[in-house]
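Colleague: Could you have a look at this structure, given as structure tokens, before my questions?
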Amino acid sequence: MSFPLVKSLAALTAAATLAIQPAWASDKVKIGFVSTLSGPSAALGVDIRDAFMLAVKLNGGKLGGLPADVSISDDQFKPDVGKQLFERYVKRDKVDFLTGVVFSNIMLAGLPEAVDNKTIYLSPNAAPSPIAGAQCTPYFFAVSWPNDAYHEAAGQYATNLKVKSAYLLAPNYQAGKDSLAGFKRFFKGNVSGEVYTKLGQLDYSAELAEIRAAKPEVVYTFLPGGMGINFIKQFMAAGLNKDIRLIQPGFGSDQDVIRAVGNDMLGIFDTAHWGLDLPNEANKKFVAEFEKEYKRLPTIYAAQGYDTALLIDAAVRAANGKIEDKEAMIKTLKTVKFNSVRGDFRFNTNQYPIQNYYLREIQKDAQGRLVNRIVGQPVLTNHGDAYVKDCPMK
Amino acid sequence: MLEQALNGLQFGLMLFLLASGLTLVFGIMDMINLAHGALYMVGAFLAAWLVQLTQSFLSGVLLAVGLTAVVGMLLEATLLRTLYARDHLSQVLATFALILIINDSVRMIWGSDLALSAPQALSGPVQLLPGLLYPSYRLVIIAVGLAIALLLFVLVTRTRMGAWVRAGASNREMAMAMGINIKVLFTGVFGLGAALCAVAGAMLGPLLAVQVGMGENILILAFVVIVIGGIGSVWGAFVGAILVGFVDTMGRTLLPHLFREIFSPQFASAAGPAVASILVYVLMAVVLFVRPQGLFSGRS
């Protein structure tokens, strides 16, 4: 027997071994985590990452019984960088799941890489309307909430209060316009002003003077990040909070904003799908462990990151570790039950959540800290989104 | 209307504090310092931290201004001094790197944001005229801004150090030949610029977010101001800053109203905010077209 034959036999055996490997369960679950971890908006991505890794840690470094191999990268708040990272994780590292992105524009830049290569993306935040509707895909799951939902809940809350006039303010870009459209979809009163400001505007004195003149009952703003912090500080300094109720989307007055604004936040109302004090066991454990590990209170973003890890854990366990079969995995993800920190929810046909949205008010807790507390009954119950009818998936 | 005029004045005065330091550094040392905004951020963070530590707004802010001046002078003496002889591109690159380094250092020390509130007595509005409520803290900003502007004028036009600064701005070689100690002067001017940044950062802290990256947003406007006002001229920076403050504030309120009178509602609601947001840059373009050296150039 000559050596070349031995070699080729060995090669054949090796090839056969490789070929049949998918029939066995995997030995680990590989996750590519892309998020904004540097720059002014880093706090959001950091919270998602910290909560995700907390869930992995509490699980003994495993997800669904398999060792979790989580690779974390920073998209630097740049869509092109995000796209490259998606490509690397999908093509070179061949990860089982992708997750992590905060911002819709970055997620939308990377998502085609995942879809084209049949890799599942589980969104811990961004859930834009196009992917809920006509462009929906089986490879995308929104573990968070549809982009319009908080604004719709806020509109519904204003309607419940029988508010006659509302003044709306958002930055002049697509998400700003979408958010105010979401509010108006559920608000039955009169919109006394709808103002779009420059993205990244610092000083809102001119707009506040207009609001004072317009005398609305309610002001609703969508001003993410520093813009919202500036607006709230200036709104309070102008004394407008005495006559006008300020309503925010949940992320607009979450722990990160409270840290930056301070005591002026007391008494602001917002709408969200989750709160620190939601009375379920999973949430109590999450809030306590997060605070113990990181010495700060979790934000909505953190709750979403934690839930994403829990979903992966439940799905991989339900599939007995067989994560290579994508079709089966998608089916499992759609229906699997896990103890979400937001309480019960389920995925719609477009794989966006159907869930409750709550009213929260910023109050002082027992230790004198400012926190969001859930007030009364849910504003919207079992609420989906307006775009699911355009999604061909059943 | 009066309220909007006050808003414009207040915004303009704060821009002036930033732009005056920038224009002196640019004019006298011929140095483009992108990290000027980073010093503004350092000033705001120091103020927020020290106000919390000392439990007094005034002493916190004063300490922050002093410390930021020290930081500025240290930066100048150790790092930026070596860049004077280089071309503008190297300066831009080096100071841009400095922005990134300072941003991440601040994040490491204090995290990505800090809370800074106005003193309780100034947190609400006051009634100026019947029917005109105005935030009292913004009035304080206007007063502080005007006082510092006045001080700066006296310093630049009436003192020996001011004469050196003006000499340095108009002709550096000649000033050196006349025996002015340029090294010390440069460090001093840089420290002054940093202190003015800190005043702006600390005073604006209760109104704006004290967070990493706050400097970059406002730096662009400060550059617009010095281009309009003329590089190296403090008076130019003052006029430019007030002009930018007014045009920005008035544009945002009046323009959408004006558009609604003239055009269809759809067009007005789309074009109004868009045009208002570029108004400042239109102003800069017009000034550059009519007077390419700026309104009041400090250079001969």
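Bear in mind that the values in this text are calculations on the coordinates, not laboratory data. Please read these numbers as outputs of a predicted model, since none were measured by experiment. Using ideal geometry, Cβ is built from the backbone for each residue, glycine included, and neighbour counts are taken over all protein chains shown.
Colleague: To the nearest 0.05, what FRET efficiency results for B:R160 and A:R296 with a Förster distance of 56 Å applied to their C-beta separation?
Modeller: Plugging the Cβ-Cβ distance into 1/(1 + (r/R0)^6) gives 0.60.
Colleague: Put +1 on the Cβ of every Lys and Arg and -1 on every Asp and Glu Cβ in chain A; which of A:L168, A:Q351, A:S129 then has its Cα farthest towards the positive end of the dipole?
Modeller: Positive-most Cα among the choices belongs to A:Q351.
Colleague: If you don't mind, there's one more thing I want to ask. Give the aspartates and glutamates whose C-alpha is closer than 13 Å to that of A:K215, dropping any in the same chain fewer than 8 places away, or say none.
Modeller: A:E207, A:D243
Colleague: So if each residue of separation counts as 0.36 nm, and I subtract the Cα-Cα distance between B:T78 and B:L53, what length gain in nm does that give?
Modeller: Numbers: separation 25, 0.36 × 25 = 9.00 nm, distance 2.92 nm.
Extra length available between B:T78 and B:L53 comes to 6.1 nm.
Colleague: Determine the percent antiparallel among the DSSP beta bridges restricted to the protein assembly as shown, to the nearest 5.
Modeller: Roughly 40 percent of the beta bridges in the protein assembly as shown run antiparallel, per DSSP.
Colleague: Find how much the distance from A:T159 to A:T335 grows on full extension, using 0.36 nm per residue of separation minus their present alpha carbon separation; answer in nm with one decimal.
Modeller: Full extension of this stretch gives 60.0 nm more.
Colleague: Moving on. Computed over the Cα atoms of the protein assembly as shown, what is the convex hull's projected area averaged over all directions, in nm²?
Modeller: For the protein assembly as shown, the mean projected area of the Cα convex hull comes to 37.4 nm².
Colleague: Which angle between 0 and 90 degrees, to the nearest 10, do you get for helix A:326-335 versus the longest principal axis of chain A when only C-alpha atoms count?
Modeller: That helix lies at roughly 40 degrees to the long axis.
Colleague: Would you please report the Å³ per residue occupied by the convex hull of the alpha carbon atoms in chain A? Intermediate values should be presented prior to the final figure.
Modeller: Details: hull volume 55.9 nm³, N = 394.
That works out to 142 Å³ per residue.
Colleague: Mind telling me which of A:A114, A:A260, A:A158 comes out most flexible in a GNM of chain A, alpha-carbon contacts under 10 Å?
Modeller: Judging by the Gaussian network model, the answer is A:A260.
Colleague: Using all C-alpha to C-alpha distances in region B:64-103, build P(r) with 5 Å bins and read off the rounded percent in each one.
Modeller: Here the calculated profile for region B:64-103 is 6, 22, 25, 27, 14, 5, 1.
Colleague: Among residues other than A:L161 whose Cβ falls under 12 Å from its Cβ, what is the net charge (Lys/Arg +1, Asp/Glu -1)?
Modeller: +3
Colleague: Right, here's the next one. Rank A:G226, A:G60, A:G343 by mean-square fluctuation in a GNM of chain A with C-alpha springs under 10 angstrom and give only the top-ranked residue.
Modeller: A:G60
Colleague: Taking the simple approach of a point 7 Å from Cα along Cα-to-Cβ for both A:D390 and B:I278, what is their distance in nm?
Modeller: 2.8
Colleague: Also: Based only on the alpha carbon positions, what is the Kirkwood hydrodynamic radius of region B:2-212, in angstrom?
Modeller: About 18.1 Å for region B:2-212.
Colleague: Over all alpha-carbon pairs in region B:212-300, figure out the percentage whose distance exceeds 22 Å. All intermediate terms of the calculation are to be shown ahead of the outcome.
Modeller: Numbers: 1430 of 3916 pairs.
The share of Cα pairs beyond 22 Å in region B:212-300 comes to 37 percent.
Colleague: Computed on alpha carbon atoms, what radius of gyration and Dmax characterise region A:131-247, expressed in Å?
Modeller: Cα-based Rg and Dmax for region A:131-247 come out at 15.1, 49 Å.
Colleague: Here is a follow-up. When the Karplus curve 6.51 cos²θ - 1.76 cosθ + 1.60 is applied with θ = phi - 60°, which whole-Hz ³J(HN,Hα) does each residue of region B:240-252 get, with x for Gly and Pro?
Modeller: Once θ is set to phi - 60°, the couplings for region B:240-252 become x, 5, 5, 4, 5, x, 5, 4, 5, 5, 5, x, 5 Hz.
Colleague: Apply 1/(1 + (r/R0)^6) to the Cβ-Cβ distance of B:A5 and A:K94, taking R0 = 51 Å, and write down the FRET efficiency to the nearest 0.05.
Modeller: 0.25
Colleague: When only C-alpha pairs under 8 Å and at least 6 residues apart count, what is the relative contact order of region B:2-212, in percent?
Modeller: 43
Colleague: Sticking with this one: Choose one answer from B:V65, B:V184, B:V106: the residue with the largest mean-square fluctuation in a GNM of chain B with alpha-carbon springs under 10 Å.
Modeller: B:V184
Colleague: Also: How big is the charge dipole of chain A about its Cα centre, in debye rounded to the nearest 20, if each Lys and Arg gets +1 on its Cβ and each Asp and Glu gets -1 on its Cβ?
Modeller: Computed about the Cα centre, the dipole is about 440 debye.
Colleague: Sticking with this one: Hey, got the dipole for region B:2-212? About the Cα centre, +1 on K and R Cβ, -1 on D and E Cβ, debye to the nearest 20?
Modeller: For region B:2-212, the charge dipole is close to 420 debye.
Colleague: About the Cα centre, and with charges only on the beta carbon of Lys, Arg (+1) and Asp, Glu (-1), how big is the dipole of the protein assembly as shown? Nearest 20 debye, please.
Modeller: The calculation lands at about 120 debye.
Colleague: Can you work out the FRET efficiency for the pair B:A143 and B:S105, with r the C-beta to C-beta distance and R0 = 35 Å, to the nearest 0.05?
Modeller: It comes to 0.60.
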